[in-house]
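Okay, structure first, notes after.
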């Protein structure tokens, strides 16, 4: 998400090299990230003689927004979706993406029109699989029914962490019933679950950034602080970092196919890769579930 804006080419190359070496393959980006700069930067690092071979990666990108009046608006019309996808392919330097997602629900576009773009992307070879991002469960279920088995929905990308568990009520059950993999974005609670904001606001953090402060602010609350304290206590008891515990909790939840971390630097990514096989004790999982139980 920060590539091409806060993360420059050298740092991005270091991240990709470490990620691939660790056995990772899923790279998640979007048309809107850095206004296309994230995709362009990724494209420059993939291919013959580059940091990573194209066949070693599962590239996911998202479309369905466009610039208007100096800001971004949701537009999941067939025309905009296909224009975005073609532009993404040019920036990424590839003839297809492995997974293409509609980034947000669009109440101004008929659902069938949006779904026709997903079908066209698969039938034309531009995308191998398709899915939705940030869509409510009822809309995902409706889309799955109308798409049928070809091309079908492969994934749903939604925010999910100990600070954001709303997807448990309907989205995750729907994913499991439909055979859709959940991609959990911001599994570290927009960085808050690392504990970095417990006592101060680091000058180089997203909460101190002019363009990302509003992204972090909703989780700088007393309720969130209590959950972070519980994560820190669990980490101390297991001789781990809070990040390790927060990621392991998300990965342990039913239906989660992958936890997507938005590392800005190679050391941040390295920390996220440190405990990929960690399985938390059942008592710790239960305690964290209780302290973070969402308010219905």
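The values are calculated or read from the model by the stated rules, or taken from the named source; none is laboratory data. Given the structure is predicted, the values throughout are model-derived calculations rather than measurements. Note: ideal-geometry Cβ built from the backbone for every residue, glycine included; neighbour counts use all protein chains shown.
Report, by residue number, each residue of region 280-296 that is assigned to a loop (DSSP other than H, G, I, E, B) and surrounded by 11 or more Cβ atoms within 10 Å (Cβ to Cβ). Matches in region 280-296: 280, 281, 292, 293, 294. No other residue among 120, 99 is touching a helix residue (DSSP H, G or I) at 6+ places or on another chain (Cβ under 8 Å) and either outside any loop (DSSP other than H, G, I, E, B) or farther than 24 Å from residue 258 by Cα (or both) apart from 120. Scanning region 222-233 finds no residues that are part of a loop (DSSP other than H, G, I, E, B) and either within 30 Å of residue 176 (Cβ to Cβ) or in contact with a helix residue (DSSP H, G or I) (Cβ under 6 Å, 6 or more places away or on another chain) (or both).
Among the residues of region 32-47, those that are modelled with pLDDT under 95 and either outside any helix (DSSP H, G or I) or surrounded by 20 or more Cβ atoms within 10 Å (Cβ to Cβ) (or both) comprise 32, 33.
Condition check: out of contact with any strand residue (DSSP E or B) (no Cβ under 9 Å at 6 or more places or on another chain), part of a helix (DSSP H, G or I) and either at pLDDT 90 or above or farther than 30 Å from residue 62 by Cα (or both). Does residue 237 satisfy that? Against the criterion (out of contact with any strand residue (DSSP E or B) (no Cβ under 9 Å at 6 or more places or on another chain), part of a helix (DSSP H, G or I) and either at pLDDT 90 or above or farther than 30 Å from residue 62 by Cα (or both)), residue 237 qualifies. Looking across region 136-179, the residues that are assigned to a loop (DSSP other than H, G, I, E, B), over 17 Å from residue 104 (Cα atoms) and in contact (Cβ under 8 Å) with a residue 40 or more places away in the chain come down to 162, 163, 165, 169.
Among the residues making up region 247-267, a single one is in a helix (DSSP H, G or I), within 17 Å of residue 182 (Cα to Cα) and in contact with a helix residue (DSSP H, G or I) (Cβ under 6 Å, 6 or more places away or on another chain): 249. Could we say that residue 69 is more than 20 Å from the chain's Cα centre (by Cα), surrounded by fewer than 20 Cβ atoms within 10 Å (Cβ to Cβ), closer than 30 Å to residue 177 by Cβ and without any contact (Cβ under 8 Å) to a residue 12 or more places away in the chain here? So residue 69 does not fit the description; no.
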